[in-house]
Amino acid sequence: MQISRFKQRNLSLTASILILALAATSFAANGDEVTGGGRLAESGVIFNDTTGDGVSAPPDTSASSYVIADLDTGEVLAAKNPHKRLPPASTLKTLTALTLLPKLDMNKTYIGTKKEPATIGNKVGIYPGRKYQIKDIWYGLMLHSGNDAGVALANANGGMKKTLEMMQAKAESVKAFNTTPKSPHGLDTPGQLSTAYDLALIGRAAMERADFRKIVKTKTYTFPKSGPKNVNKKLYNLNKLVLNYPGTIGVKTGWTTKGQNTYIGAVKRDGRTIIITFMHLSYGRDALAKELFKWGFKAIDVVDPVGKLL
């Protein structure tokens, strides 16, 4: 009896998933620096060629690394230098959220200190001596990428040292073993590094939380009592794909001098969700994100995965 091409593909895909799952478990159990199994130890662009099935090679890009994966199954569809350690920029705020959202009561208040306005880069305007609701600070962190919001949340959690220790522990708990947080906001700090693979793990874990999903897909938000003038400040989500790319449900943009453009993104269409990450892109963040999403939706259920998000 002949087996149809469709059934052959399904059998092959099922076998590949089982092999990758076993490999991923082996990598994790042995504490190897390369996690995810499959071909993820390779450098350069990694994908299984299926040009005969109408799926071309992944988009060419100058980004130093990227991952394209199925958010639900964890199958990595393609990658480029997925374990290359690079500065994460503000995508690190996703780890801050994953760590502190379960710890901080949204309805509690925080009193601003001199540390918040002294923070460089993007700020939502937390002012010394003024009371803010924790909920508002979360939106300031994830929509406007307020670095002062990161400092405030760390202070509300008991201080910077405690928060960074918790962030490190949380990264390791989701098997992001190549991530080293040195701040709650992602500003360039010596030794602060992550990988495209780790950011995918962190983003995937954060998207399991309903409160996180609600925040990162919000388009605009009014932050109260901002700055010396004590005004309401309208925030726009810096992840512009949330505003103009159908199906976008998150997650976080980033940019620093050393990190360049970094990104974690998730798009849901027709019941399937693709998560992408990339690091160290000099320009064209949104354009690249759209290209990677487009390729991911073509490749899902067609290409054999190259690894697994543990």
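The values are calculated or read from the model by the stated rules, or taken from the named source; none is laboratory data. Computed from a prediction, not measured in an experiment: that's the story for all the values here. Positions of Cβ are backbone-derived with ideal geometry, glycine not excepted, and every protein chain shown enters the neighbour counts.
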*Here are some conditions: (1) out of contact with any His (no Cβ under 9 Å at 6 or more places or on another chain); (2) part of a helix (DSSP H, G or I); (3) more than 30 Å from Ala78 (Cβ to Cβ). Lys170 meets all but one. Which one does it not meet?*
(3)
*Going by the conditions given, is Lys135 at pLDDT 95 or above, closer than 19 Å to Tyr236 by Cα, of a type in the set (Lys, Arg) and surrounded by 16 or more Cβ atoms within 10 Å (Cβ to Cβ)?*
yes
*Those residues that are touching a helix residue (DSSP H, G or I) at 6+ places or on another chain (Cβ under 9 Å), surrounded by 22 or more Cβ atoms within 10 Å (Cβ to Cβ) and not hydroxyl-bearing (Ser, Thr, Tyr), I need them from the stretch 87-103; list them, please.*
Pro88, Leu92, Lys93, Leu95, Ala97, Leu98, Leu100
*Breaking point among (1) in contact with a strand residue (DSSP E or B) (Cβ under 7 Å, 6 or more places away or on another chain); (2) crowded, with 16+ Cβ neighbours inside 10 Å; (3) part of a loop (DSSP other than H, G, I, E, B), for Glu116*: (1)
*Single condition Pro246 does not satisfy, out of (1) within 13 Å of the chain's Cα centre (by Cα); (2) of a type outside the set (D, E, K, R); (3) over 29 Å from Arg130 (Cα atoms); (4) surrounded by fewer than 23 Cβ atoms within 10 Å (Cβ to Cβ)*: (1)
*asked:* Out of the residues in the stretch 194-214 meeting the condition of being aliphatic (A, V, I, L, M) and surrounded by 21 or more Cβ atoms within 10 Å (Cβ to Cβ), tell me which one is nearest to Ala69 (Cα to Cα).
replied: Ala200
*Would you point out which residue out of Gly125, Gly158 is among the small types (Gly, Ala, Ser) and over 20 Å from Thr218 (Cα atoms)?*
Gly158
